[in-house]
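All of the numbers you see were taken from the coordinates with simple rules; none came from a lab. Computed from a prediction, not measured in an experiment: that's the story for all the values here. Counting neighbours? That spans all protein chains shown, and the Cβs are built from the backbone with ideal geometry, glycine included.
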Amino acid sequence: KQRWLRKRRRARGEEAARLGAFCQEGHWRYCRHPNYLGEWGVWCALTLLALPALAQHLGTTHGQSASQPSAPSSAGLEAAADWARKAVLAGGLASVPLTMYLCLTWWTGAVPAEFYSKQKRKGYAEYMDTVPMFFPQLVSFKGGSKHK
């Protein structure tokens, strides 16, 4: 993006390069928000890296040890509480990529930014029609490569 800005400034002058311009080169040819896609990828990787620790944690039981037997009436309650704790941990970890996707695209990132870009930048609406917002489309459905 920096190379694009330098080239633009040289070609049209400093002020013209800043007003109403947007990058359509490099990663921005394939995805309107490659920075958000990269951020989401980091969160997905962190989730995958946490899976072994979660698996090890889910394999353990909490509460009393085997040397201290519990009363028969509380054993079922402890087992249910242990199962619920494990379900909450697994569900929480599984929801991280989806939560970050929603946050980066709808709540704080792409959609709000595009609302203003569409108003300020000439040609941005056409760019939105041709380039996917988040997940790159490297191959068109009509066959062949989308970008040459």
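Of note:
- Sites GLN24 and PHE115 - FRET efficiency at Förster radius 22 Å, r taken between beta-carbons, to 0.05: 0.70
- Placing dummy labels 7 Å off each Cα toward the beta-carbon, the span from LEU58 to GLU39 is 2.9 nm.
- For PHE134, the amide hydrogen comes within under 5 Å of the amide hydrogens of ARG32, counting only partners 5 or more places away or on other chains and with H modelled in the peptide plane.
- Ignoring aspartates and glutamates fewer than eight residues from LYS7 along the same chain, the ones with Cα atoms less than 12 angstrom from its Cα are GLU25.
- Karplus-derived 3J(HN,Hα), 6.51/-1.76/1.60, for each residue of the stretch 78-83, Hz, glycine and proline x: 5, 5, 5, 5, 5, 5
- With θ taken as phi - 60° and the Karplus curve 6.51 cos²θ - 1.76 cosθ + 1.60 applied, the whole-hertz 3J(HN,Hα) list for the stretch 45-58 is 5, 5, 5, 5, 5, 7, 4, x, 5, 5, 4, 5, 5, 5 Hz, x standing for glycine and proline.
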